[in-house]
2 protein chains.
Amino acid sequence: MKIYSNPLQETWTELSKRPQLELEFLDSSVRNVLNRVKKSGDDALRELTLQYDKVSIQELRVSEAELAEAEKSLPASLKQAITTAAANIEKFHAAQKRDVMTVETLPGVTCWRKGVAIDKVGIYIPGGSAPLFSTVLMLGVPAKLAGCKEVVLCSPPDKSGKINAAILFAAKLVGVTRIFKAGGAQAIAAMAFGTQSIPKVHKIFGPGNQYVTKAKQLVMEEGLAIDMPAGPSEVLVMADETADASFIAADLLSQAEHGEDSQVMLVLNNDSMVSAIQNEISKQLDQLPRKAIAEKSLANSRVIIINDQATALDFINEYAPEHLIINTKNADAVAAAVSNAGSVFIGNYSPEAIGDYASGTNHTLPTNGFAKAFAGVSLESFMKYITFQKLTEAGIKTLGPVVEEMAEAEQLAGHKRAVTIRLEKLK
Amino acid sequence: MKIYSNPLQETWTELSKRPQLELEFLDSSVRNVLNRVKKSGDDALRELTLQYDKVSIQELRVSEAELAEAEKSLPASLKQAITTAAANIEKFHAAQKRDVMTVETLPGVTCWRKGVAIDKVGIYIPGGSAPLFSTVLMLGVPAKLAGCKEVVLCSPPDKSGKINAAILFAAKLVGVTRIFKAGGAQAIAAMAFGTQSIPKVHKIFGPGNQYVTKAKQLVMEEGLAIDMPAGPSEVLVMADETADASFIAADLLSQAEHGEDSQVMLVLNNDSMVSAIQNEISKQLDQLPRKAIAEKSLANSRVIIINDQATALDFINEYAPEHLIINTKNADAVAAAVSNAGSVFIGNYSPEAIGDYASGTNHTLPTNGFAKAFAGVSLESFMKYITFQKLTEAGIKTLGPVVEEMAEAEQLAGHKRAVTIRLEKLK
């Protein structure tokens with residue numbers, strides 16, 4: 001990790017840059033996959049699954065028997081842990097529900113707003129070495145709470161043609177309606193356009209590699225909604241002498257093990273803890289199964305020393321971290337001053353891992369500085385609000401002349417007449 | 001308007017298609033503009049303004065003197081109307097504010113969510129014949145309520161180098177912080193990248209032609225947030241014998257006058273009113289200053305007759321109209337069954353024009369069927385929610401083992417250790 005001491009504000013934009021891996025031909029290669037699925041549906045999916053996942057799949061949909069087998073195969077302790085995490089996530093997201101909000105803006109002019117579930121949503125869960133069943137909970141629980149009628153999940157099969165048992169168990173637990181064996185850009189295409197087996201959805205959620213991310217970006221151009229723009233995961237730890245060097249090292253490494261392009265940032269008030277933290281990192285790194293990944297990710301990472309706390313906060317709000325861990329003596333006050341972050345972890349006993357799995361908050365969060373304008377996934381991500389208005393005769397008599405005046409000034413005579421014709425009828 | 005009687009459900013997707021005007025070379029032409037502004041900033045803006053708006057502008061920012069002059073030049077009645085509309089919009093959007101939501105998901109595990117304003121937002125207001133000062137209210141009022149620190153507005157100058165006086169008056173009224181003379185894709189580029197004069201913002205709002213829409217789509221690929229995907233405006237009127245043919249005709253025409261690509265849909269329970277409505281349309285069309293535009297738009301429009309109300313509602317939810325006017329005897333019950341729409345106007349005295357200007361609801365709404373997954377602009381469009389969590393020692397003792405179990409199953413040993421190392425400290 002490179003150390004920067006009280007960097008000048010002019011350098012903050014540069015210091016806030018995330019590592020970028022841009023694959024050549026990504027765009028054309030993903031467009032090609034989308035077009036194949038659009039044209040040939042299930043057949044294209046089967047061909048692409050053979051090509052990329054090295055397995056021949058006849059039945060794309062996961063059967064009831066497979067779900068039952070998955071449940072049977074898991075240890076009871078893991079099923080219990082998943083059930084506890086799901087309950088916490090449900091509790092936090094259920095509290096986000098809103099009543100219909102009604103306002104009489106003028107006598108006889110009543111306006112309201114009602115949250116309605118998005119009918120059909122799709123969840124993508126990547127395959128690979130780490131089976132992200134926690135993400136199934138993070139997306140499936142709020143989808144169910146919102147009342148989405150169809151919740152489709154796609155995940156690539158392994159070489160034996162199966163989806164990881166914990167992913168299947170979690171999907172069944174949270175009420176996913178249909179699960180399909182499909183991965184990569186082709187799975188995104190299937191949910192965006194629909195195939196013979198896989199229904200078209202209106203919004204697609206979930207993480208993925210650069211092919212998946214590009215596919216989500218491209219189907220967005222065709223009017224599909226997506227959860228948010230994606231980038232590699234990241235954490236920023238802000239700490240002072242009240243922090244524990246071994247905790248900090250563990251938190252930094254838990255982020256670094258995600259992927260080679262993960263970013264780890266450490267903001268300290270002075271350099272007194274630097275060597276203790278570095279020693280702890282070396283020590284803990286050696287015991288990490290994903291050491292090779294974590295080492296590469298640490299190469300992208302930075303220690304920023306800023307003596308003044310207000311300036312440190314300005315830097316953090318400029319960086320806009322996905323995850324922000326605050327291990328300082330006045331952690332609550334610091335947290336209250338955060339304006340750009342995905343999720344904030346306060347105090348020495350709130351590691352990011354707790355929020356990744358089970359505190360109840362959502363772990364699908366804005367990366368790459370997007371926290372300046374985007375929030376993480378919430379109950380509302382699975383809903384949209386419809387507004388309503390109803391005017392009485394008295395209401396239009398009061399408000400009609402205001403609208404006539406404005407419509408005339410905007411040179412929209414038809415708008416004006418829609419009001420005038422009613423006011424005349426009421427004379 | 002073409003008439004379809006009880007169309008089969010297989011034809012609904014086709015009947016729900018909106019007119020598409022796809023310009024050739026749109027993508028490359030807009031990319032070129034974006035690159036010029038990214039590279040040359042204000043100089044590029046001045047050149048492009050000369051090229052497209054036919055006026056040479058030295059000072060891009062609108063001065064205090066120009067704002068004062070604009071205010072002086074407007075009739076008092078219009079200023080009063082704008083002020084009334086702004087007050088209604090403020091009342092409706094202020095009611096959308098939410099308190100910090102706190103949940104203790106388990107003893108010692110406290111999670112909360114806080115809404116925070118997006119620091120810097122940009123508003124684009126098109127020029128041309130109809131000066132859309134109403135859109136300034138619809139975007140500026142919630143931006144101010146949310147607490148955005150910088151609210152930038154760009155609008156193209158006319159040939160004398162001025163922005164429409166009502167736009168300037170409305171911008172000042174709602175607290176826009178800086179106003180610039182810039183239009184088209186170049187204005188979107190300026191707000192996305194920043195120039196010497198125009199600050200970079202995090203989210204861009206507002207309507208525009210296809211160049212503006214494409215520019216918003218392209219800057220989104222670079223991580224900028226935008227209000228929503230845009231398409232031509234549209235209305236669907238659902239009516240039965242309790243409706244007034246002259247009102248229906250006026251509402252359809254008020255939409256048709258927006259643009260040649262606007263779409264007007266009429267869903268009736270039987271054909272008894274068709275000729276009365278057609279007669280009214282012919283009669284009213286003749287008096288319309290924007291008759292030529294409205295005629296072309298009517299050519300894209302459809303009358304759908306569906307005898308059964310439940311089926312009619314299914315069709316409407318499939319079409320997902322931006323604006324939905326319900327003029328039926330049980331309008332309230334029908335409205336309650338709407339699941340896909342931007343904004344709904346209930347009863348014979350609630351024309352769309354009222355919501356376009358002054359009822360208090362937002363008129364920036366999802367078009368082109370996007371209402372299936374997107375909502376209109378609201379207070380939340382100018383905010384993002386940050387989640388927080390804080391665990392006590394007791395909290396991590398309870399929840400830690402759950403996270404250890406899940407992290408191990410996801411093969412993320414670093415995540416597990418971030419918990420284990422804390423639990424060991426607490427032994």
Have a look at segment A:25-146 and give its Rg and Dmax from the Cα atoms, expressed in angstrom.
21.2, 67
On a straight-distance basis, which aspartates and glutamates could pair with residue B:162 in a cross-link, Cα separation under 14 angstrom, same-chain partners fewer than 8 positions away excluded?
B:53, B:59, B:64, B:66, B:69, B:71
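Could you tell me the calculated FRET efficiency between residue A:149 and residue B:43, based on Cβ-Cβ distance and R0 = 35 angstrom, to the nearest 0.05?
It comes out at approximately 0.05.
Looking only at Cα atoms, what is the convex hull volume of segment A:232-386 per residue, in Å³?
Values: hull volume 17.5 nm³, N = 155.
Each residue corresponds to 113 Å³ of Cα convex hull volume.
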Once you've got the Cα coordinates, tell me which of A:97/B:38; A:203/B:120; A:172/A:203; A:2/A:159 are over 31 Å apart.
A:97/B:38; A:2/A:159
When every alpha-carbon pair in the protein assembly as shown is counted, what percent end up more than 35 Å apart?
51
Counting only residues 5 or more apart in sequence or on a different chain, those whose built amide H sits under 5 Å from that of residue B:194 are B:200, B:201
Across all Cα atoms of segment A:221-260, Rg and the largest Cα-Cα distance (Dmax), in Å, are 16.1, 51
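For chain B, what does the alpha-carbon gyration tensor say about shape, rounded, prolate or oblate, given a ≥ b ≥ c as the root eigenvalues, a/c under 1.5 as rounded, and a/b over b/c as prolate? Please list the in-between numbers first.
On the way: a/c = 1.93, a/b = 1.24, b/c = 1.55.
In terms of gyration-tensor shape, oblate.
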Unit charges on C-beta of K, R, D, E only; dipole of the protein assembly as shown, Debye:
180
Can you give me the orientation-averaged projected area of the convex hull built on the Cα atoms of segment B:1-51, in nm²?
6.5
Hey, got a sec? Which GluC sites (Glu not before Pro) in segment A:73-166 land in a DSSP loop and have at most 15 other Cβ atoms within 10 Å?
none
Please calculate how many Å² of accessible area the protein assembly as shown carries per residue, with a 1.4 Å probe and no DNA, RNA or ligand atoms counted.
37
Rg and Dmax of segment A:151-246, using alpha carbons, in Å: what are they?
17.1, 60
Run through the DSSP bridge list for chain A and note the antiparallel percent, rounded to the nearest 5.
30
If R₀ is 30 angstrom, what is the calculated FRET efficiency for the pair residue B:11 and residue A:102, using the beta carbon separation as r and rounding to 0.05?
0.20
Relative contact order for chain A, counting Cα pairs under 8 Å that sit 6 or more residues apart, in percent:
21
Cα gyration tensor category, rounded, prolate or oblate, for segment A:125-204 with a/c compared to 1.5
oblate
Would you mind giving the mean number of other chain beta-carbons within 10 Å of the Cβ of each residue in B:164-171, as a whole number?
1
Roughly speaking, what is the centre-to-centre gap between segment B:366-426 and segment A:40-116 when only Cα atoms are used, to the nearest Å?
16
Pairwise centroid distance, computed over Cα atoms, of segment A:324-342 with segment A:208-266, Å
18
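Using DSSP to call loops (not H, G, I, E or B), can you name the trypsin sites (Lys or Arg not before Pro) in segment A:57-133 whose Cβ has at most 15 other Cβ atoms within 10 angstrom?
On the way: sites: A:61, A:72, A:79, A:91, A:97, A:98, A:113, A:114, A:120; in loops: A:97, A:98.
Those that pass, being in a loop and sparsely packed, are A:97, A:98.
In deg cm²/dmol and to the nearest 500, what is the mean residue ellipticity at 222 nm of the protein assembly as shown if only DSSP H runs of at least 4 residues count, each as -39500 (n - 2.57), divided by the residue total? Show your work: numbers first, answer last.
Working: 32 runs with 386 residues, N = 854.
When only DSSP H runs of four or more count, the value is -14000 deg cm²/dmol.
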List the residues of segment A:392-427 whose backbone N lies under 18 Å from a point placed 7 Å from the Cα of residue B:279 along the Cα-to-Cβ direction.
none
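Over chain B, with every protein chain in place, what whole percent of the accessible area is carbon and sulfur at 1.4 Å, could you tell me? If you can, show how the numbers build up before the last one.
Values: 8000 of 15710 Å².
Heavy-atom surface of chain B belonging to carbon and sulfur, 1.4 Å probe: 51 percent.
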Where in segment B:210-239 does the amide nitrogen come within less than 16 Å of the point 7 Å from the Cα of residue B:32, taken along Cα to Cβ?
B:211-212, B:215
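Do any trypsin sites (Lys or Arg not before Pro) in segment A:278-358 lie in a loop, going by DSSP, with at most 14 other beta-carbon atoms within 10 Å of their beta carbon, and if so which?
Numbers: sites: A:283, A:290, A:291, A:296, A:302, A:329; in loops: A:290, A:329.
Within segment A:278-358, the qualifying trypsin sites (Lys or Arg not before Pro) (loop, at most 14 other Cβ atoms within 10 Å) are A:329.
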Reachable aspartates and glutamates, given that their alpha-carbon falls under 17 Å from the alpha-carbon of residue A:54 and they are not under 8 places away in the same chain:
A:42, A:43, A:158
As a test of the definition: which semi-axes, in Å, follow for segment A:23-229 when you take the square root of five times each eigenvalue of its alpha carbon gyration tensor? Largest first, please.
31, 24, 14
The pairs in A:372/B:17; B:214/B:283; A:283/A:329 lying past 30 Å Cα-Cα in this model are A:372/B:17; B:214/B:283
Cross-link candidates for residue B:149: which aspartates and glutamates have Cα within less than 14 Å, leaving aside residues fewer than 8 places away along the same chain?
B:119
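The values are calculated or read from the model by the stated rules, or taken from the named source; none is laboratory data. All values reported here derive from a predicted model rather than from experimental measurement. Ideal geometry is used to build each Cβ from the backbone, glycine not excepted, and the neighbour counts take in all protein chains shown. Surface accessibility is based on the protein's heavy atoms, side chains included, excluding ligands, DNA and RNA. Shrake-Rupley method; radii C 1.70, N 1.55, O 1.52, S 1.80 Å.
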